[in-house]
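Only one structure is covered here, and it is reproduced in the block below.
The values are calculated or read from the model by the stated rules, or taken from the named source; none is laboratory data. No experiment lies behind these values; they were computed from the predicted model shown. Backbone-built Cβ (ideal geometry, glycine too); neighbour counts: all protein chains shown. For accessibility, only protein heavy atoms count, side chains too; no ligands or nucleic acids. Shrake-Rupley method; radii C 1.70, N 1.55, O 1.52, S 1.80 Å.
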Amino acid sequence: MSWLTDEKIPVGKTAKIGFEWLRDNAQWFFDGVEDSLNWLIEGVLAALQYPHPLIVIALFMALTWVLQRRWKTCILVGLGFLYVVNQGYWEETMESLTLILFACITCMAIGVPIGIAAAHRPKLYQYISPVLDLMQTLPTFVYLIPMIVFFGIGMVPGLVASVIFVIPAPIRLTHLGVSSTPKALLEAAESFGATPRQKLLKVELPYALPQIMTGLNQTIMLSLSMVVIAGLVGADGLGVPVVRALQQVNAAKGFESGLVIVVVAIVLDRMLRVER
């Protein structure tokens, strides 16, 4: 089989040449993106860390009440964050929530319009589906290599890698929700003279809202799963104690920080869960 491996397809060399070309010719762009994102991240992080934790927890509980209208869910959210404070991971949790917030805003702002467009144009979805498969199946560590080349170490490469890994979820779920709108509803809207814009805003999006919110939920969960990987490239947050526990073979610290991540995931899931 040596004849098959003698002429290796230069996938890696081509990627390396492309990354180096971007680094040499567009570094000004990456520096601008990094500076802007760092400024935004530091601003949101300061807003979350400056008030007393109990004030922030009360705000999270109030937001949960607005979204869910269930006092049991509010109590669960409060107890979850109090557990985080008790374990001494409040600062790391706020850092991770900041990263998750920006990842969610970016993914939903890009993913929902693409999902809507793909639902209205089946051929477009056929074209982008292999790309989405590649983005979801490519090992996440692979994303970190070019991000380090372009942005160095810190929060920004972890954020960009998270966005690339997570964005297929809102695209797929938005496409599923919009494309599954019953034809009877669309025909009824057309019979009343609804324009395509009105059908989208008043029929398709309301019907697809549970799927879109599920996409938001999956975006949050997948972003949270990236915090450990982001910690490997210097991103602050809950991934840092996990990485340190791994380096020190500290089972107690690893389980402690891992359980905090689980609690945060449960709290965020309950806060944003939408039932049809």
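Computed quantities for the displayed model
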{"item": "Output for segment 102-113, where each listed residue is within 10 Å of residue 167 (Cα to Cα) and either of a type outside the set (Gly, Ala, Ser) or in contact with a strand residue (DSSP E or B) (Cβ under 9 Å, 6 or more places away or on another chain) (or both)", "result": "104, 106, 107, 108, 110, 112"}
{"item": "Given (1) part of a helix (DSSP H, G or I); (2) over 18 Å from residue 111 (Cα atoms); (3) in contact with a helix residue (DSSP H, G or I) (Cβ under 6 Å, 6 or more places away or on another chain); (4) open to solvent by 60 Å² or more (accessible area, probe 1.4 Å), index of the condition residue 252 fails", "result": "(3)"}
{"item": "Among (1) more than 28 Å from residue 31 (Cα to Cα); (2) of a type in the set (A, V, I, L, M, F, W, C); (3) in a helix (DSSP H, G or I) - the single one residue 163 does not satisfy", "result": "(1)"}
{"item": "Neighbours by Cβ (under 7 Å, 6+ apart or cross-chain): first from segment 133-157, among the polar types (S, T, N, Q); second part of a helix (DSSP H, G or I) and crowded, with 20+ Cβ neighbours inside 10 Å", "result": "136/168; 140/161; 140/165; 140/229"}
{"item": "Qualifying positions in segment 125-146 - over 26 Å from residue 18 (Cα atoms) and either hydrophobic (A, V, I, L, M, F, W, C) or open to solvent by 100 Å² or more (accessible area, probe 1.4 Å) (or both)", "result": "126"}
{"item": "Where a residue in segment 7-19 is on the phi < 0 side of the Ramachandran plot and without any contact (Cβ under 8 Å) to a residue 60 or more places away in the chain and its partner, wherever it lies, is open to solvent by 70 Å² or more (accessible area, probe 1.4 Å) and assigned to a helix (DSSP H, G or I), with Cβ under 9 Å and at least six apart", "result": "10/17"}
{"item": "Flag if residue 55 is among the hydrophobic types (A, V, I, L, M, F, W, C), surrounded by fewer than 17 Cβ atoms within 10 Å (Cβ to Cβ) and at pLDDT below 80", "result": "no"}
{"item": "Positions within segment 186-240 being open to solvent by 50 Å² or more (accessible area, probe 1.4 Å), in contact (Cβ under 8 Å) with a residue 60 or more places away in the chain and part of a helix (DSSP H, G or I), in sequence order", "result": "209, 214"}
{"item": "Qualifying residue in segment 68-91 (condition: more than 24 Å from residue 267 (Cα to Cα), touching a Phe, Trp or Tyr at 6+ places or on another chain (Cβ under 7 Å) and either open to solvent by 80 Å² or more (accessible area, probe 1.4 Å) or modelled with pLDDT of 80 or more (or both))", "result": "no"}
{"item": "Total residues in segment 163-208, condition under 25 Å from the mean Cα position of the chain (by Cα) and not hydrophobic (A, V, I, L, M, F, W, C)", "result": "11"}
{"item": "Among residues of segment 98-124, those that are open to solvent by 20 Å² or more (accessible area, probe 1.4 Å) and either closer than 30 Å to residue 80 by Cβ or under 15 Å from the mean Cα position of the chain (by Cα) (or both), counted", "result": "8"}
{"item": "One residue from 128, 110, 105 being among the β-branched types (Val, Ile, Thr) and more than 25 Å from residue 268 (Cα to Cα)", "result": "128"}
